[in-house]
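Just so it is clear, none of the values below were taken in a lab; they were calculated from the coordinates. Just so it is clear, the structure is predicted and the values come from calculations on it, not from any experiment. Virtual Cβ from ideal backbone geometry, glycine too; neighbours counted across all protein chains shown.
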Amino acid sequence: MSARPSVGWIGTGRMGYEMAARLAKGGAGVLAWNRTRAKAEPLAKYGARIAERLPELASCDIVFCMVAAWKDVKQVMGALLEGKRQPRMVIECSSISLEGSAELRQLLAARGIDYLAAPVSGNAKVIKAGKLSFACSGPRQSFDEALPLLKMIAPAASYVGEGELARIVKICHNVFLGVVIQSLAEITVLAQKAGVPRHAFLEFLNQSVMGSMFTRYKTPAFVNLDFKVTFTPELLRKDMDLGLDAGRRLEVPMPLASAARDLVQAMMGRGMKEEDFAALLLQQAQASGIALQPENVEVKDGLS
Ligand SMILES: NC(=O)c1ccc[n+]([C@@H]2O[C@H](COP(=O)([O-])OP(=O)(O)OC[C@H]3O[C@@H](n4cnc5c(N)ncnc54)[C@H](OP(=O)(O)O)[C@@H]3O)[C@@H](O)[C@H]2O)c1
């Protein structure tokens, strides 16, 4: 591989935009494409070029993909490879199923294209703060080749093994995310109904052994009820369903994940689709017979 591979980027949604921005700011030559072009255009200020058509990216050495579900990945990969040109490597970062990832590997292998499965942990703000992490699987050599680019996007990139293993790592991670956010909502409402302000409760929790980067960065939303979306309930339901499906196939009971999945479903059934998944807090408060008010207290998210 040349010292400075050219990079194509498919998908500049909440995550893809910030990831591509880090690459472009870091000096990688990025050619970006997004279905809704306007969302890719601001990348130009960091030196990225914006493609009119997706197949233009086929002439890049390495193409990253960050869209939504497997059906979307399949669609964009079909369009990428419709012409004669093809990239040397595809790095697919969306949270998709093991089966989808395996199908993609076959499709790319048939054309001699290297493939790294590279889903991520962290939201757009985490990317900006330089705290994203990758779980990667595929040939070790592909990981080693991709590492300089991955490191421009995120300080942590773990190689977890061959094939699609990174997919199950990410699915497990997001099942945990769903269970943890629901649990955090339950205990925060419990503490509040008993009389403890949310900011005081969460300040304690965040400094305790149970506090984490996640509980800290969700604290401003819980305290001041700002549920501007970082991750949609629909995408979380997708990941919980992928986890429960894997549990069924591997005969692993997941009672907590099942309950949390249905609470995300209930939130969507109530029409709470455009809010952040952390709005599970509001559903929990409603079920507990209390109306939450913003506390208007300045709290740190641990990221800035
Ligand atoms: N948000 C998070 O905190 C987070 C964290 C880790 C992983 N993830 C995963 O990262 C992926 C992206 O999440 P996100 O939050 O960035 O979602 P998002 O803001 O909804 O962005 C989705 C992106 O995919 C594109 N897209 C979707 N379907 C497409 C299709 N059929 N053809 C072409 N483009 C398509 C969208 O294009 P348009 O702009 O035209 O709609 C947009 O660029 C998902 O797999 C998600 O599960 C998210």
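Restricting to segment 244-288, what's the tally of residues that are closer than 22 Å to residue 188 by Cβ, touching a Leu at 6+ places or on another chain (Cβ under 9 Å) and crowded, with 17+ Cβ neighbours inside 10 Å?
Count: 17.
Every residue in segment 27-48 that is surrounded by 15 or more Cβ atoms within 10 Å (Cβ to Cβ) and outside any helix (DSSP H, G or I), please.
Filtering segment 27-48 down to residues surrounded by 15 or more Cβ atoms within 10 Å (Cβ to Cβ) leaves 28-35, 39-40, 43, 46, 48.
Listed by number, the residues that qualify are 28, 29, 30, 31, 32, 33, 34, 35, 40, 48.
Quick test for you: out of 265, 284, pick the one residue that is away from the ligand (no atom under 16 Å from the Cβ), polar (S, T, N, Q), within 13 Å of residue 178 (Cα to Cα) and touching a helix residue (DSSP H, G or I) at 6+ places or on another chain (Cβ under 8 Å). Give the steps one after another, and end with the answer.
Details: 284 fails: within 13 Å of residue 178 (Cα to Cα).
Of the residues listed, the single one that is away from the ligand (no atom under 16 Å from the Cβ), polar (S, T, N, Q), within 13 Å of residue 178 (Cα to Cα) and touching a helix residue (DSSP H, G or I) at 6+ places or on another chain (Cβ under 8 Å) is 265.
Go through (1) in a helix (DSSP H, G or I); (2) under 18 Å from the mean Cα position of the chain (by Cα) and name the single condition residue 90 misses.
(1)
Per-residue answers, yes or no, for (1) among the small types (Gly, Ala, Ser); (2) under 19 Å from residue 242 (Cβ atoms):
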| site | (1), (2) |
| --- | --- |
| 17 | no, no |
| 48 | yes, no |
| 51 | yes, no |
| 65 | no, yes |
| 80 | no, no |
| 93 | no, yes |
| 100 | yes, yes |
| 113 | no, no |
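I need a count of the residues in segment 223-243 that are away from the ligand (no atom under 12 Å from the Cβ) and assigned to a helix (DSSP H, G or I).
Of the residues in that region, 3 qualify.
Would you be able to tell me the number of residues in segment 244-262 that are within 16 Å of residue 168 (Cα to Cα), among the small types (Gly, Ala, Ser) and either in contact (Cβ under 8 Å) with a residue 60 or more places away in the chain or within 11 Å of the ligand (Cβ to nearest atom) (or both)? First the steps, then the outcome.
We begin by selecting, within segment 244-262, every residue within 16 Å of residue 168 (Cα to Cα); these are 244-254, 257.
From what's left, among the small types (Gly, Ala, Ser): 246-247, 257.
Filter once more, so that each one left must be either in contact (Cβ under 8 Å) with a residue 60 or more places away in the chain or within 11 Å of the ligand (Cβ to nearest atom) (or both): 246, 257.
Matching residues across segment 244-262 total 2.
It is to be established whether one or more residues within segment 4-20 are within 15 Å of the ligand (Cβ to nearest atom), among the aromatic types (Phe, Trp, Tyr), in contact with a Pro (Cβ under 9 Å, 6 or more places away or on another chain) and within 27 Å of residue 239 (Cβ to Cβ). Steps first, answer last, please.
If we filter segment 4-20 for residues that are within 15 Å of the ligand (Cβ to nearest atom), which is where we start, we get 8-20.
Filter once more, keeping what is among the aromatic types (Phe, Trp, Tyr): 9, 17.
Subsequent filtering for residues that are in contact with a Pro (Cβ under 9 Å, 6 or more places away or on another chain) retains 17.
Narrowing further to those that are within 27 Å of residue 239 (Cβ to Cβ): 17.
Yes, because at least one residue in segment 4-20 is within 15 Å of the ligand (Cβ to nearest atom), among the aromatic types (Phe, Trp, Tyr), in contact with a Pro (Cβ under 9 Å, 6 or more places away or on another chain) and within 27 Å of residue 239 (Cβ to Cβ).
What residue, among those in segment 112-131 that are within 7 Å of the ligand (Cβ to nearest atom) and either touching a residue at least 60 places away in the same chain (Cβ under 8 Å) or not in a loop (DSSP other than H, G, I, E, B) (or both), is surrounded by the fewest Cβ atoms within 10 Å (Cβ to Cβ)?
Filtering segment 112-131 for residues within 7 Å of the ligand (Cβ to nearest atom) gives 119-124.
Retained after the next criterion (residues that are either touching a residue at least 60 places away in the same chain (Cβ under 8 Å) or not in a loop (DSSP other than H, G, I, E, B) (or both)): 120-121, 123-124.
Details: 120: 26, 121: 21, 123: 21, 124: 19.
Across segment 112-131, the extreme among qualifying residues is 124.
So, residue 291, is that one more than 21 Å from the chain's Cα centre (by Cα), among the small types (Gly, Ala, Ser), surrounded by 18 or more Cβ atoms within 10 Å (Cβ to Cβ) and under 23 Å from residue 190 (Cβ atoms) or not? Outline the logic, then answer.
On the way: more than 21 Å from the chain's Cα centre (by Cα): yes; among the small types (Gly, Ala, Ser): yes; surrounded by 18 or more Cβ atoms within 10 Å (Cβ to Cβ): no; under 23 Å from residue 190 (Cβ atoms): yes.
So residue 291 fails the test.
Quick one: count up the residues across segment 260-289 that are closer than 15 Å to residue 223 by Cα and not in a helix (DSSP H, G or I).
Residues in segment 260-289 being closer than 15 Å to residue 223 by Cα and not in a helix (DSSP H, G or I): 1 in total.
Name the residue that is nearest to the ligand (Cβ to nearest atom), counting only residues in segment 21-38 that are within 17 Å of residue 128 (Cα to Cα) and not aliphatic (A, V, I, L, M).
22
Among the residues of segment 28-50, which ones are among the small types (Gly, Ala, Ser) and without any contact (Cβ under 8 Å) to a residue 40 or more places away in the chain?
Taking segment 28-50 and keeping what is among the small types (Gly, Ala, Ser), we get 28-29, 32, 38, 40, 44, 47-48.
Listed by number, the residues that qualify are 29, 32, 38, 40, 44, 47, 48.
So, residue 140, is that one within 24 Å of residue 236 (Cβ to Cβ) and charged (D, E, K, R) or not? Full working, then the answer.
Working: within 24 Å of residue 236 (Cβ to Cβ): no; charged (D, E, K, R): yes.
Considered against the rule, which asks whether it is within 24 Å of residue 236 (Cβ to Cβ) and charged (D, E, K, R), residue 140 comes out as no.
Just the residues that are within 13 Å of the ligand (Cβ to nearest atom) and more than 20 Å from residue 238 (Cβ to Cβ), please, taken from segment 65-89.
Listed by number, the residues that qualify are 78, 79, 80.
Can you tell me which condition residue 95 does not meet? The list is (1) among the hydroxyl-bearing types (Ser, Thr, Tyr); (2) assigned to a helix (DSSP H, G or I); (3) out of contact with any strand residue (DSSP E or B) (no Cβ under 6 Å at 6 or more places or on another chain), and all the others hold.
Checking residue 95 against (1) among the hydroxyl-bearing types (Ser, Thr, Tyr); (2) assigned to a helix (DSSP H, G or I); (3) out of contact with any strand residue (DSSP E or B) (no Cβ under 6 Å at 6 or more places or on another chain), the one that fails is (2).
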